[in-house]
1. If you go through region 42-79 one residue at a time, how many are charged (D, E, K, R) and touching a residue at least 60 places away in the same chain (Cβ under 8 Å)?
2. Considering every residue within region 78-87, establish whether at least one is more than 17 Å from Gln126 (Cβ to Cβ), in contact with a helix residue (DSSP H, G or I) (Cβ under 8 Å, 6 or more places away or on another chain), modelled with pLDDT under 85 and surrounded by 12 or more Cβ atoms within 10 Å (Cβ to Cβ).
3. Filter region 335-366 for residues that are modelled with pLDDT under 85 and not in a helix (DSSP H, G or I); which is surrounded by the most Cβ atoms within 10 Å (Cβ to Cβ)?
4. Scan the strands (runs of 3 or more DSSP E) fully inside region 373-461 and keep the ones with 2 or more residues being modelled with pLDDT under 85 and in contact with a strand residue (DSSP E or B) (Cβ under 6 Å, 6 or more places away or on another chain).
5. Is it the case that Ile385 is surrounded by fewer than 21 Cβ atoms within 10 Å (Cβ to Cβ) and more than 18 Å from Ser438 (Cβ to Cβ)?
6. If Gly256 passes every condition in (1) at pLDDT below 75; (2) open to solvent by less than 60 Å² (accessible area, probe 1.4 Å) but one, which one does it miss?
7. Against the condition modelled with pLDDT of 65 or more and charged (D, E, K, R), how does Glu232 come out, does it pass?
8. Filter region 88-113 down to the residues that are open to solvent by less than 90 Å² (accessible area, probe 1.4 Å) and out of contact with any strand residue (DSSP E or B) (no Cβ under 8 Å at 6 or more places or on another chain), then identify the one that is modelled with the highest pLDDT.
Amino acid sequence: MRIWQKIYFVTLLLFLVMLNAGLFLAAKFLFSYNLAQEKQKAETDCYFLSQNLEHDFSILERNGRYQENVVKLLFENYQAYYKKQDILLSLEKTGRTEAPALRSNISGGGKRAEVFAEQNLGEPYQAYRICYQKRLTDFEAVWQALKRMFATISLAMSVLLCLVLYVFMRRMLRPLGRLNENVAQIAAGEYGQMAYGKDPSIWAKDEISELSQNINQMSETIQRQIQTLKEENEKKQQLMDNMAHELRTPLTSIYGYAEYIRYAKASKEETCEGLAYIMEESRRLAKMSEIMLSMRLYEKEGHMPETVNLYSVEAHLQKILAGGLQEKNLSIRTEFEVKTAFAEEALLINLFRNLLENAIRASNPGEEIVFRTFCRDKKQVFEIIDSGIGMEEAELSRITEAFYRVDKARSRKDGGVGLGLSIADFIVKKLGGKMVFSSSPGKGTKASVILQLANKDVKSL
């Protein structure tokens, strides 16, 4: 059974029960009220009759005519008068001397109702008791008409309610049916499907519209997550393909040289040259494994930022990069407007080491590399600028991809493994910053790293 049908029948049943209960209570109230009025009228009539009889009896007694037959004739006149009103009167002689008392009662129900009242006369006529009895014929007719009227009202209201409630329920819950159809399409994988329109201005302000908005948001979130997963899978697949390619070349060479040394009659000089190549390729493979392992460790481990002295980081980098700088007769000029950074020292050293190594490979002998930092818009900016070979604009968007090389032959010759900028980008994201590159062929490259300032430096701005 559909939800609108359940709501329809439950609402209809409750309304009919309440309607008929209300009509029943109203009829019962009117019936009881009219009976009470008839009972009060009977008591009033009985009381005044007793008063009139006492007065008549006193007159008869003063005239010496207070006799049984005279009393009977007098009362017959009263009976004849009230009989025209469908009221039966009787005068009983009880022989008791009780105090005057008025009693009344109603017998029967809607089909046959009667009101009965009796009143003892006062002194010295306590031996007489007048009885008043009236059948409520008109009241019975009114009661039957009232029941028919209430039954007609109940039937008419029930039919009207059935029609109005049906139209109202179908119209009000129509968006729910449409929502159900669209959600079924979303469940089938069509995450671009909107649950109930996308323009909030056309929605009613009710729970169905709120549910629709939530489903739309859920659908968009799922779609974004699926797209992100697809992109991540594509990146992982690309990484695996690149890694397989990068491993295949040195491993093939290592195997070829090893096989040549083992089976060929190579001279001592050729053997040393082959072993040197094997050692060089092995060192590059070991470096690649070390870098990828460090990336995994950085991803798993938590890091607590701290205030780092940049001159200490610069001194450490000078020692690490001394060999590469001396080999190409390069120098690093530092310009630090801010002496500290809010990060972790080991991550900063690894980050700038990779960026500076990349700058060293790209620089021509005898040139100068600029390493500077300054504050801008409550952020700390690091820039590493070289005057080397530079890059094309199209290459800048891919240089942080793992194993991507602008000049593959030059990178291999310099011992690069194609992961330096990739791990640098990973560290910057780990520190909550961003990295931007700008470059021109033949004019050099500028790498900019934007990080959060240390708290004390922010307050001083």
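The values are calculated or read from the model by the stated rules, or taken from the named source; none is laboratory data. Just so it is clear, the model here is predicted, and its values are computed rather than measured. In this analysis, Cβ positions are derived from the backbone assuming ideal geometry, glycine residues included, and neighbour counts consider all displayed protein chains. The protein model used for the area step is the full one, side chains on, heavy atoms only, and it has no ligands, DNA or RNA in it. Shrake-Rupley method; radii C 1.70, N 1.55, O 1.52, S 1.80 Å.
1. Keep residues of region 42-79 that are charged (D, E, K, R), which gives 43, 45, 54, 56, 61-62, 65, 68, 72, 76.
Add one more test, that the residue is touching a residue at least 60 places away in the same chain (Cβ under 8 Å), and what stays is 43, 45, 54.
Within region 42-79, residues that are charged (D, E, K, R) and touching a residue at least 60 places away in the same chain (Cβ under 8 Å) number 3.
2. Yes, some residue in region 78-87 is more than 17 Å from Gln126 (Cβ to Cβ), in contact with a helix residue (DSSP H, G or I) (Cβ under 8 Å, 6 or more places away or on another chain), modelled with pLDDT under 85 and surrounded by 12 or more Cβ atoms within 10 Å (Cβ to Cβ).
3. By that ranking, first place goes to Ala343.
4. Values: elements: 379-386, 434-440, 444-452.
Per the criteria, no element qualifies.
5. Numbers: surrounded by fewer than 21 Cβ atoms within 10 Å (Cβ to Cβ): yes; more than 18 Å from Ser438 (Cβ to Cβ): no.
Criteria not met by Ile385.
6. Every condition holds for Gly256 apart from (1).
7. On the way: modelled with pLDDT of 65 or more: yes; charged (D, E, K, R): yes.
Judged against the criteria, Glu232 is a match.
8. Here the residue is Gly95.
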